[in-house]
Every structure is written in C-alpha cells, then in structure tokens.
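Asker: Questions regarding the structure given below will be posed in turn.
The values are calculated or read from the model by the stated rules, or taken from the named source; none is laboratory data. Worth saying up front: this structure is predicted, and the values here are computed from it rather than measured. Glycine also receives a Cβ, built like all others from the backbone with ideal geometry; neighbour counts cover every protein chain displayed. The area values use the complete protein model at the heavy-atom level, side chains included, leaving out ligands, DNA and RNA. Shrake-Rupley method; radii C 1.70, N 1.55, O 1.52, S 1.80 Å.
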Amino acid sequence: MAGTAFEELCMLCETLAKTPSRNAKIELAARFLSKLNSPSEVSDAVRLIIGEASKDFTLNLGYSHLLKALTNITGVGEKGFLAEFGETGDLGETVRRLLEKGRRGVQQALVFRRPTIGEVAGVLREIAEISGKGAMAKKLRILESYLKRLTPLEAKYFTKNLVGEIRHGFGEGLMEEALASAFQASPEAVRNAHMVVGSLGRVGEILKEQGAGSLQSFTVKPLTPIRPMLAEPAQTLREALEEHHGRTLLEYKLDGARVQIHKHHSQIKIFSRRLTEVTKSLPEIVELAETFRGEDFVVDGEVVAVDQSGRVMPFQEVMKRYRRIIGVEEALSRIPTRIFLFDIVYLNGEPLLKKPLTERRQLLEKVAPYEFLTPQVEASNLEEAEAFFEEALKAGCEGVMAKRPSSPYSPGRRGKHWLKIKRQPEVLDLVIVAAQYGYGYRYRWLSDYYLAALNGGGGGGRPETLPDYIEALHGWRFRVVGKTFKGLTNAEIEALTERLKGLALETVGRTVIVRPEIVVEVGFSNIQPSPQYSCGYALRFARILRIRDDKKPEEADSLDRVKQLASKKLEG
Ligand code: AMP
C-alpha cells in the first residue's frame, strides 16, 4: 500500500500554524491521523508533526555544517541565506522562501515521485544512525542530495525536523488530545500511556495497531521495560534547594550503568537505560534480585563495577561487560559489580508511578536490603547538603542527585524533579583575543570567541594560520587555546559585540582581532594535545561561564596551567 504523501503532512502543519482555536487544531490533526494507513505511518506522522523525531534520533549535525548544506541547496550563498534568515528567524521558512524564489517547486514535483511520510522519517533515522569516521561528511551528503528532491514546502518541514524547531503552536499536549480524538480513546488514557512509554509516536502506533482498549490497562507492568526518569543539571546545591522549596532528598550520583530490574513470579529480567535486555550480562544481579522480598516488582538503580576490595571502578569497566559475548569467557573474566537501587515503580500488582518519591522509597526499603540501596538523606539547608556532597565525592561518586520528595516517577522525562549536581569542574580564566561574526540569528553579532592563555615564552614563528596571526599581532603575549560560541545569553553577546568593536585592531574576513582586554571564565570538557593551535593544546567543548570584569588580562591563566590541566585530565 502506498503511503501518505509527506506533502499532506506539511500542508496540515501550515494550516495548524494559522488556526488559532485549540479545538479546531485538535480536530484538524485528529482527522489527518485517523486517515493514515498503518501503525508505523501514524507513529512517523506524530513524530514529524510535533518534532519528536529530532528528540528521538540525535542528529549530531553542527549548526555551521547544516547551514552550509542549506546554503548549497538554496544556491544563494551564505550572505543571501543569512539575510533571509534575519527576516524570518526560522530556518525551515528561510529554506522554503529561498527555494521558492528559485522556483524550484514545480521542477521538483515533476522530476521526482513525492516522498511519503515513512520515507522522510526513514531518511532522518538513517542520518542519525551514521557514526564513526567521516560520519559528518556522510550525513551531509545524504542530507544535501535528499533536500534536492524536495519541494520548498517539504524542505521547510524536513529542515524543521532536522533542527527540532517546529513552531506551529502544536505541541505534545495538543497531540495527546488529537490522538485521543482520532482513535476514540480518553485523553487521560493517552496521557498515561505517554507517561509510561515516553513517546507519543509510540502511543499512536499502539492505538492504530491495537485500538483504544489497549490503553486502558496501559501502565507499568513487570517484564515490559519503561523509559527511565531522567534529571536536569543544576549548577549548585543552593539552586537545587531553592528549586525544591528548601527541602530535597539527596542521593549519591553513582557513575555506572542504569538498570531496571523486573521480577514476575520467579522470572527476572534486567533492562538497560535504552531498554535493551541485559539479563545475561549480569548473572550476579539476577541472583541477588531473587533474594529480594516481593512476588512482582520493578526497581530502578545503577550498577557499578567494583574491584576485589569492593571499591567502585570507572564506568568503562561496566560497559565492557555489556558488550562482551556471553559464555565461558564471560564467566572467567567476571568483574564484580554492585547494585545501588534508588526507585521502585511497581510492587505486587500495583503501579507506583504516581506515588510520591518518599512513599516509593519506603516501599523500596521493604523490598531490598539496606546494603543495596543508594545512600539518601533529606537536606533542608545548605550545610547539610554540602556535608552529604563531600561524603559522596569521598565515596567515589561524580556528585549527587537532588530529588523533590513529592515527585511522581515520570518515565522518559528530564525535568526539575530530579536535579544532578556534579563536582565543580576545573575552569580557566582566558582572554578574548579575536571574535567572529556568528551564524543564524547571530550573524550581526561577534559571537564566536578566540580564547587565549598568557604565554610564558615560546611562539614567534612565521604565522601560518589565523590563530597564529592573531598571536603575532599581539606580540605572542597570548596563545590561543580554544574557540567557543557557547555560554553567553543573547543580551550578553550583544553587549559584548559593542565592547569588542571598540577594541578592534584589524578585521580579517569575518573575524575581528581585538585588543586583549576582556577576561572570561571558561568551562570545558577536556584539554587535548592538538595541532589545531600552534601552542599544541586545544580545549574541547569550551563554554564561557561568565565575564570576569574584575580581572586584568595579565591575571589570566597561563599556558603552563593549561598544560598542567591537560596532563591531569589525561591521567584521570
Ligand atoms: P546523566 O547520565 O549525567 O544525565 O545522569 C543521569 C544518570 O545518572 C541516570 O540515568 C542514572 O544512570 C545515573 N544515576 C546515578 N545515581 C543516580 C541516582 N541516585 N538517581 C538517579 N540516577 C542516578
């Protein structure tokens, strides 16, 4: 059976964007969904309409790469593209307008058969799944050749799904209602199923395949994995305490692998964070779970690797076991593990998702012996929280989790009910020595910054690259160690642009070399030996944490400190 054209879905989205009434929107979408041919088509359509696709498959395409592909197919060059983008502020709409100007629509529609909803979702999945060496180039090649086949309208919604910005005023809440209406289910049942499976695309698929009745009993049940609840990062303990209104439950944040242990009568299954079954890789955990009290249960926790003396080992050790083929070798090379449980979502016939965390923890304590529970305390002031944080770090944890005592268990959701606070990473104070105009809506702003450390000597060769040239222009007083456009708010970038323009020394293409006066505090994930800059080091994933107007450039961190941190990171 031929699938429904993607173009129809695009037209629906256009209409949804223009329809102000909530009920009318729901009806339009419901009518569309009820006409679709198969469960997988419903699933794909739901994902494409609300942009769930981009959440499901991480495309990992850098913005500048995407921009390059889009400029290539629209054929107007970067300047033309950015000018149009400045007007619409919407990447998808920009692509449509530019393609229309080139009057590509008619031609495309004649040359190629129109793609179906299933095909478009398939291409997005294909792009997302490419990994390994040369992945980015491959992704872009597919992307460009596919975009060329699309009409302007199709390209608009394809692009929107790539970047995950849908913006037609039709989000998850409305989609829940539309699904309910399309398949004669109650909105409550749809919301509930969404909570359990964590994907509206999947809920739509189930509705089409099994009908509304199947949702009535839809809740967590043993031996069927549910999406684990996730946490949002918080910078400080104070922030977490404030978010949880002065009272929070702190737990060790263990660095291991998430597992869900299901027991139904005498059968035990263990699932990973991605819901794959890993029972056979963890026989000792199965044995342990057999001793827990409770006929049927689903408990949630973290499995960590330990050495012979019971000390926690790095995460990679656990991962090795997941990948290994199960067999004698496996048994021989057994790495001892330890389980730390922190939640329970089902017990003896009763789903517990809606119960507050405090109650769930009490039930968990009845099921599993104390030694297998994640250490937890209630903190109602900063001193208590800090003391526990210290204790967690000493025990080898990467930080703590702060959980709202009254919170339900929301499968698949990342929210503020659970906050993760990690050990404060090392930061560097660096000097902005040059800045580049940005992309997209930032094209008017100097938003990409060259960051430099104080030079202790060295350098001075013939400049071969732009960073070399910047260093030379500053008499080699500073050495570039990174570049970033991350961390500042738009307002900060705008203000910084003005300041930097006032410090301009020379403009090279889109880059403005400035007097080295502004010091910024920079966070990063790693420092790597790298030929990218002539000092031999480069910060990975640098982001500006704040502008240090209290610091003079000569008080910035030195290249020696950068080197020290690099060797520390390499060891640990
Ligand atoms: P992250 O992977 O940094 O987003 O952190 C979330 C992960 O931390 C969860 O998926 C768990 O695997 C892990 N984790 C470690 N300790 C806990 C805890 N006490 N509560 C919840 N998750 C935890």
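Asker: In the range 120-173, which trypsin sites (Lys or Arg not before Pro) fall in coil by DSSP and have 10 or fewer other Cβ atoms within 10 Å?
Answerer: Within the range 120-173, the qualifying trypsin sites (Lys or Arg not before Pro) (loop, at most 10 other Cβ atoms within 10 Å) are Lys133.
Asker: If all Cα-Cα distances of the range 214-281 are sorted into 10 Å bins from 0 onward, what percent lands in each bin, rounded to whole numbers?
Answerer: Binned Cα distances yield the sequence 16, 33, 28, 20, 3.
Asker: Then there is this: For the range 230-422, count all C-alpha to C-alpha pairs, find those more than 26 Å apart, and express that count as a whole percent of the total.
Answerer: The answer is 32 percent, as a whole percent.
Asker: Give the long-range amide H neighbours of Tyr537: residues separated by 5 or more places, or on another chain, with amide H under 5 Å away, using H modelled in the peptide plane at 1.01 Å from N.
Answerer: Distant-sequence amide H within range of Tyr537: Ser530.
Asker: List the residues whose amide H sits under 5 Å from the amide H of Lys253, counting only those 5 or more places along or on another chain, with H placed 1.01 Å from N in the peptide plane.
Answerer: Residues meeting the criterion, in which the H sits 1.01 Å from N, are Glu398, Gly399, Val400, Met401.
Asker: Given the range 164-305, report the % of alpha carbon pairs whose separation exceeds 24 Å.
Answerer: More than 24 Å apart: 52 percent of the Cα pairs in the range 164-305.
Asker: When 1/r is averaged over all different Cα pairs and the result inverted, which Kirkwood radius in Å belongs to the range 112-200?
Answerer: 15.4
Asker: So what are the ³J(HN,Hα) numbers for the range 458-466, from phi and the Karplus equation (6.51, -1.76, 1.60; θ = phi - 60°), rounded to whole Hz, Gly and Pro as x?
Answerer: These are the phi-based 3J(HN,Hα) values: x, x, x, x, 7, x, 10, 10, 4 Hz.
Asker: On the first, second and third principal axes, largest extent first, how far apart are the outermost C-alpha atoms of the chain in Å?
Answerer: Projected onto the principal axes, the Cα atoms of the chain cover 74, 67, 51 Å.
Asker: Also: Summing -39500 (n - 2.57) over the DSSP H runs of n ≥ 4 in the chain and dividing by its residue number, what mean residue ellipticity at 222 nm do you reach, to the nearest 500 deg cm²/dmol?
Answerer: Details: 24 runs with 250 residues, N = 572.
The helix-only estimate for the chain comes to -13000 deg cm²/dmol at 222 nm.
Asker: With a Cα-only, solvent-free Debye model of the range 426-571, what are the log10 I(q)/I(0) values at q = 0.18, 0.19 Å⁻¹?
Answerer: These q points yield log10 I(q)/I(0) values of -1.01, -1.13.
Asker: Here's a follow-up. If r is the Cβ-Cβ distance from Asn526 to Gln235 and R0 is 25 Å, what FRET efficiency results, to the nearest 0.05?
Answerer: The calculated FRET efficiency here is 0.80.
Asker: OK, next. Show me, bin by bin at 5 Å from 0, the whole-percent P(r) of the range 170-250 based on Cα pairs.
Answerer: Percent of pairs per bin, in order: 3, 14, 21, 16, 10, 11, 11, 8, 5, 1.
Asker: Starting from 0 in steps of 10 Å, tell me what percent of the Cα-Cα pairs of the range 371-487 lands in each bin.
Answerer: P(r) over the range 371-487, rounded to whole percents: 11, 25, 19, 18, 19, 8, 0.
Asker: Now a separate question. Compute the distance in nm between two label points, each set 7 Å from the Cα along the Cα-to-Cβ direction, one at Ser186 and one at Lys101.
Answerer: 5.4
Asker: What is the sum of charges, Lys and Arg at +1 and Asp and Glu at -1, for the other residues whose Cβ falls under 13 Å from the Cβ of Glu7?
Answerer: Net local charge, Glu7 excluded: +1.
Asker: How large is ³J(HN,Hα), in whole Hz, for each residue of the range 197-203 in order, when computed from phi with the Karplus curve 6.51 cos²θ - 1.76 cosθ + 1.60 and θ = phi - 60°, using x for Gly and Pro?
Answerer: In residue order, the calculated couplings are 8, x, 8, 6, x, 5, 4 Hz.
Asker: If you roll a 1.4 angstrom probe over the protein chains with everything in place, what fraction of the accessible area of the range 426-571 belongs to carbon and sulfur, to the nearest %?
Answerer: Accessible surface attributable to carbon and sulfur in the range 426-571 totals 48 percent.
Asker: Additional query: Name the residues of the range 399-443 whose amide N is less than 11 Å from a point 7 angstrom out from the Cα of Glu243 along the C-beta direction?
Answerer: Correct set: 401-404, 414-422.
Asker: While we're on this one: Suppose every K and R has +1 on its Cβ and every D and E has -1 on its Cβ; what is the size of the dipole of the chain about the Cα centre, in Debye to the nearest 20? Write down the numbers at each step before the final one.
Answerer: Details: 83 positive and 75 negative charges, 293 e Å.
Computed about the Cα centre, the dipole is about 1400 debye.
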